[in-house]
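**Student:** Take a look at this one; I'll ask things after.
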Amino acid sequence: MHFHQNLLLVLVFGFLMACQSGSEQANPPAPQPKETRVQPSAPPVEAPKQAAPGGDSKVLAKINGQPITDAEITERVKDRLAKVETQIYEIKKTGLDDMIEERLLESEAASKKMSVDNLLEKEVDKKVEEPTESEIDGFYSIYKKRLKNKPLSEVKDQLIKQIKDNKKASLYSKYIAQLKKGAKVEVFMTRPRAQVSVDDDPSQGNPKGPITIIEFSDFQCPFCKKTRPTIQQILDTYKGKINYVFRDFPLSFHKQARKAAEAANCANEQDKYWEYNSKLWENQGDLEPEKLKEYAKALGLNEKKFTTCLDSGKYAEEIDKDIADGSKAGVSGTPAYFINGIFVSGAQPFDKFQEIIDEELASQ
């Protein structure tokens, strides 16, 4: 009985829950139950290191006797390697967690002189309670649209199974966490990091906080908008510990995103960046230049100064710099985040950020 395979699928879908340069995932899958993970031991946080491997002097090709080395190729493709390194880490970490759980269960089962299946039946399966009518109704109301508005009577058995599976996953997580407390589990895997500058971009929270989160975002990306409550939850939960930085990464197929990013920078000149940032998310479907000026007026900005700034393209180069820095770090879609240099792709739930933030704080 293992749940990490489901979590791996969630991870893979997570990378798709972003506005990508070429396609958009319109219907993200229903959330799967989460479980407690082993928190890896990590060295004190230092300046972020480049995620791409350094390569070596191995000769991969020769042209008229002149060698092309592995190190040269690695340097050339390091931007693309950064994201792949993160994916490899996540896959290996999932495998490591699975193996740790298996060995903990085998050890516990042996101590009780029973099989692992019998142990899990006793400690997990038999403790799963039948869902109440209230739970079923609540679950139905949440997922009614995804169930194509089918009547409750038609999908009730399906919902009961899903609720019980969720409860089973939760009980399993708690039991594994209990076994970990009674064992000496040491994990030495460390997450790959990219070197990403905060530049001089707008920030919230504590500039000297131990955790720096850099977001590369696009004002027309629906998944970027979806993460606004998550970002606020992070800032509220870790108050005083987070330096949150917003950098622009308008995608080429979002025709209004670049000008919207420029407009936000113009609002920043009048100390209204975050108010204007929120206004853009609220009006994501209407970001024509004239509307951008209306939003500035509604927020009480100096209209003439704002219009001159926006029409002149004053911040076009600033946007280009953000895009270049993001691309260099491996960003190809939005939203993309770097937590102390650790890459997180797509509209991930709060739990995903929490896992990494807690690891970083614990390691300091």
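**Student:** Just checking, how many residues over segment 201-231 are part of a helix (DSSP H, G or I) and out of contact with any Phe, Trp or Tyr (no Cβ under 7 Å at 6 or more places or on another chain)?
**Tutor:** Qualifying residue count for the region: 5.
**Student:** Which of the numbered conditions does SER217 fail, given that it passes all the others? Conditions: (1) in contact with a Cys (Cβ under 6 Å, 6 or more places away or on another chain); (2) more than 30 Å from SER363 (Cα to Cα).
**Tutor:** (2)
**Student:** Take ALA169 and tell me if it is within 30 Å of ILE100 (Cα to Cα), out of contact with any Leu (no Cβ under 8 Å at 6 or more places or on another chain) and buried (at least 17 other Cβ atoms within 10 Å of the Cβ).
**Tutor:** yes
**Student:** Among the residues in segment 244-257, are any buried (at least 21 other Cβ atoms within 10 Å of the Cβ), in a helix (DSSP H, G or I), under 15 Å from the mean Cα position of the chain (by Cα) and modelled with pLDDT of 95 or more?
**Tutor:** No, every residue in segment 244-257 fails to be buried (at least 21 other Cβ atoms within 10 Å of the Cβ), in a helix (DSSP H, G or I), under 15 Å from the mean Cα position of the chain (by Cα) and modelled with pLDDT of 95 or more.
**Student:** Can you give me the ranges of the helices (runs of 4 or more DSSP H) entirely in segment 104-200 with at least 3 residues that are in contact (Cβ under 8 Å) with a residue 24 or more places away in the chain and within 23 Å of ILE356 (Cβ to Cβ)?
**Tutor:** In segment 104-200, 152-181 are the helices (runs of 4 or more DSSP H) which contain 3 or more residues that are in contact (Cβ under 8 Å) with a residue 24 or more places away in the chain and within 23 Å of ILE356 (Cβ to Cβ).
**Student:** Under 21 Å from PRO229 (Cβ atoms), out of contact with any Lys or Arg (no Cβ under 8 Å at 6 or more places or on another chain) and at pLDDT 95 or above - does that describe any residue in segment 314-334?
**Tutor:** Scanning segment 314-334, I find at least one residue that is under 21 Å from PRO229 (Cβ atoms), out of contact with any Lys or Arg (no Cβ under 8 Å at 6 or more places or on another chain) and at pLDDT 95 or above, so the answer is yes.
**Student:** Mind listing just one residue for me: the one in segment 91-118 that is surrounded by 18 or more Cβ atoms within 10 Å (Cβ to Cβ) and either under 30 Å from LYS156 (Cα atoms) or not hydrophobic (A, V, I, L, M, F, W, C) (or both) and, of those, nearest to the chain's Cα centre (by Cα)?
**Tutor:** Out of the qualifying residues, it is LYS93.
To keep it simple, each residue is scored yes or no on (1) surrounded by fewer than 21 Cβ atoms within 10 Å (Cβ to Cβ); (2) hydrophobic (A, V, I, L, M, F, W, C); (3) within 19 Å of the chain's Cα centre (by Cα).
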{"position": "LYS150", "(1), (2), (3)": "yes, no, no"}
{"position": "SER153", "(1), (2), (3)": "yes, no, no"}
{"position": "LYS156", "(1), (2), (3)": "yes, no, no"}
{"position": "ILE213", "(1), (2), (3)": "no, yes, yes"}
{"position": "SER217", "(1), (2), (3)": "no, no, yes"}
{"position": "PHE223", "(1), (2), (3)": "no, yes, yes"}
{"position": "LYS226", "(1), (2), (3)": "yes, no, yes"}
{"position": "THR230", "(1), (2), (3)": "yes, no, yes"}
{"position": "TYR238", "(1), (2), (3)": "no, no, yes"}
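**Student:** Go through segment 261-278 residue by residue and tally those that are surrounded by fewer than 21 Cβ atoms within 10 Å (Cβ to Cβ), in a helix (DSSP H, G or I) and charged (D, E, K, R).
**Tutor:** The total comes to 1.
**Student:** Turning to a different aspect of this structure: If THR308 satisfies all but one of (1) within 24 Å of ASP271 (Cβ to Cβ); (2) part of a loop (DSSP other than H, G, I, E, B); (3) among the β-branched types (Val, Ile, Thr), what's the number of the condition it fails?
**Tutor:** Condition not satisfied by THR308: (2).
Residue-by-condition table, conditions (1) surrounded by 23 or more Cβ atoms within 10 Å (Cβ to Cβ); (2) among the polar types (S, T, N, Q); (3) touching a residue at least 40 places away in the same chain (Cβ under 8 Å):
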| residue | (1), (2), (3) |
| --- | --- |
| LYS321 | no, no, yes |
| SER332 | no, yes, yes |
| ALA336 | yes, no, yes |
| PHE343 | yes, no, yes |
| SER363 | no, yes, yes |
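**Student:** What do you reckon, is ARG258 over 18 Å from ARG228 (Cβ atoms) and basic (Lys, Arg)?
**Tutor:** yes
**Student:** Report yes if LYS180 is modelled with pLDDT under 95 and either surrounded by 12 or more Cβ atoms within 10 Å (Cβ to Cβ) or not assigned by TED's automatic domain parsing to the domain that holds TYR337 (or both), otherwise no.
**Tutor:** no
**Student:** Same structure, new question: Could you give me the residue pairs with C-beta distances under 7 Å whose first residue belongs to segment 227-252 and is under 16 Å from ASP351 (Cα atoms), whose second residue is of a type in the set (Ser, Thr, Tyr) and in a strand (DSSP E or B) wherever it lies, and which are 6+ apart or on separate chains?
**Tutor:** Pairs found: ILE231/TYR244; LEU235/TYR244.
**Student:** Let me ask another. Report, by residue number, each residue of segment 190-243 that is modelled with pLDDT under 95, touching a Pro at 6+ places or on another chain (Cβ under 7 Å) and basic (Lys, Arg).
**Tutor:** ARG193, the sole residue that qualifies.
**Student:** Also: Would you point out the residue of segment 345-361, among those that are of a type in the set (A, V, I, L, M) and surrounded by 16 or more Cβ atoms within 10 Å (Cβ to Cβ), that is farthest from the chain's Cα centre (by Cα)?
**Tutor:** Among those residues, the one meeting the criterion is ILE357.
The values are calculated or read from the model by the stated rules, or taken from the named source; none is laboratory data. Here the structure is a predicted model, which means the values were calculated and not measured. We place every Cβ from the backbone using ideal geometry, glycine too, and count neighbours over all the protein chains shown.
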